[in-house]
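The structure under discussion appears below in the form of structure tokens.
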Amino acid sequence: MDRTIQFWTRTAQIYASYKALQLRVQFVKDEAEQERMWEDQHEWAADKLYSLCTELGGFFLKSAQTLAKPDVSPMPWVRKLVVLCDGAPETPYEKVQKVLEQEFGKPMDSIFERFDHKPVASASVAQVHRARVRGTTNDVAVKVQHPGAHELMMTDIRNQKIFAAFLQRFDIQFDLLSFLDELEHQVEFEFDFIKEAGSMDRISESLRAANWGKAPIAIPQSVPGLVTKKVLVMDFIEGIPILKLADEMAKRGINPNGAVARMAKRNILRDLSSAYGQMILRDGFFQADPHPGNVLINKDGKVALLDYGQVKELGEDLRLGFARLVLALASNNVSEIGRCFKNLGIETVQRVEKDSDSFRALAILMFDTKLPPGVAIANPFADDSVLNEISVKNFPKDLFFILRTIHILRGLSVGMGCPYSSSEQWKPLAQEVLSDNRDLTTNSIPETPVKGEIKVKELAWERRRKLRRLGRFQPTP
């Protein structure tokens, strides 16, 4: 109860302060003074939000990861909250040791030759320690759940759902509750590391097979026999957190804003986005949380993607429907975007024919990493937000993690100063996916086949279908 009271007391204070300032600035004619007033408000609110997230922890740490994006939030918020992407409060080592020994049923010393007491990273669900398993030569990452985190997380989600219903009613013309319903459903999976290990290994195998053994990103693999519901032991991947990339470049004498740095950043975003295009469009199974704390860059510039607690599997209709939307966005075909929205179950208050420009901007805002023309921050509270023109009254919850992933990728690109369009990058893959689907669903067997040929043909197509879904089939160049 005390946690719920703290949430509502602090949230109401922040919300009320913004509503009060909205009224006050109307009586200030000087634009520079208005900017100063807003900047002061953002700084004050950033401190309050940081205190709320760090002191309460739980789901609020995930909320901080969502808000710490330069394309969504004011920069004072971003600067304050971005450190929480991998720097959440830590569980003391004594409690970590207790969890490990309870899960494995034996003393830690019998499993690990070395175990660093200080975690290398800590987030809302768990923290990660560097260690070495006895009888091996390579270091491993040991992910250990925070005791009691699950109960806190579910309480926080319930409170945020009530607040989201309020915002949806009075401030944001968007179906926020579907988002939180899907998050509530998916959070349960984050507390099962056996499922996480299976998801991580499945995605790793698929990307390697589809790219002839050279996946565009590095993914750790679980260590057999050392995975339980609350502990996950996996490969330790050396790398620089993407948030510290600019600092690392400066240390090496590279201008973070120079041509060499821009090319490196573009390559990083290309590889990460390419992997997501393949996961979403080809496999229909993807890691759904690429926030900065989960992205490392190794010494060769290769991207490593960590944390597979949040994954999403798409149904075939949804996967193909999204592929069609990607093509519509890439070709700037507003009427086709409208048809895709309808087929995907996205309902807007206004029809595309009434205001095609606003509809196009809404679609780009939701499903492309680039921002619509003239938009610098995708702030849903802003007076000029496209949601004020075309509100979204129904958003299918199964699409939420696609939208969230695209928004996080956009935040990374804006933060790195390398904007790009995911729909344009994914267009060739979307075309291939849809073409393959047509090939597999049309009758390409001759009308007068040689005896036995039709069965061979059917088996060949079925094998091709299975291999493609596993990422093991490559069309002949």
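The values are calculated or read from the model by the stated rules, or taken from the named source; none is laboratory data. On a predicted model such as this, the values are computed, not experimentally measured, just so you know. Neighbour counts run over all protein chains shown; Cβ positions are idealised from the backbone, glycine included. What goes into the accessible areas is simple: the full protein's heavy atoms, side chains included, and nothing from ligands, DNA or RNA. Shrake-Rupley method; radii C 1.70, N 1.55, O 1.52, S 1.80 Å.
In table form, for the structure just shown:
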| read-out | value |
| --- | --- |
| Rg and Dmax of segment 69-180, Cα atoms only, in Å | 19.2, 60 |
| Most to least accessible of 302, 397, 312, 98 (protein chains only, probe 1.4 Å) | 98, 397, 302, 312 |
| Share of carbon and sulfur in the accessible heavy-atom surface of segment 161-212 [1.4 Å probe, %] | 60 |
| Residue 248 accessible area, assembled protein chains, probe 1.4 Å, Å² | 50 |
| Proximal aspartates and glutamates to residue 48, defined as alpha-carbon separation beneath 19 angstrom and excluding residues fewer than eight positions away on the same chain | 2, 39, 40, 156 |
| Residue-averaged 222 nm ellipticity for the chain, from DSSP H runs of 4+ at -39500 (n - 2.57), nearest 500 | -17500 deg cm²/dmol |
| Subset of 106/230; 195/397; 69/393 violating a 19 Å alpha-carbon distance limit | 195/397; 69/393 |
| Carbon/sulfur fraction of accessible area - segment 1-129, other protein chains in place, 1.4 Å, % | 56 |
| Reach of residue 229 by Cα under 12 Å, taken over aspartates and glutamates that are not fewer than 8 positions away in the same chain | 103, 188, 190, 192, 196 |
| Residue-count net charge about residue 225 - beta-carbon cut-off 15 Å; Lys, Arg +1, Asp, Glu -1 | 0 |
| Correct choice for Cα Rg over 2.2 N^0.38 Å that was computed from the model, options (1) 1.10; (2) 1.04; (3) 0.97 | (2) |
| Surface accessible to a 1.4 Å probe, per residue, for the residues of the chain, Å² | 49 |
| Prolate/oblate/rounded call for segment 1-88, Cα gyration tensor, a/c under 1.5 rounded | oblate |
| Reachable aspartates and glutamates, given that their alpha-carbon falls under 12 Å from the alpha-carbon of residue 427 and they are not under 8 places away in the same chain | 368 |
| Per-residue SASA entry for residue 42, accessible area with 1.4 Å probe, Å² rounded to 10 | 30 |
| Portion, in percent, of the accessible area of segment 218-367 that falls on carbon or sulfur, probe 1.4 Å | 49 |
| Too-long pairs where the Cα-Cα distance tops 19 Å, listed order kept, from 62/251; 214/370; 265/370 | 62/251; 214/370 |
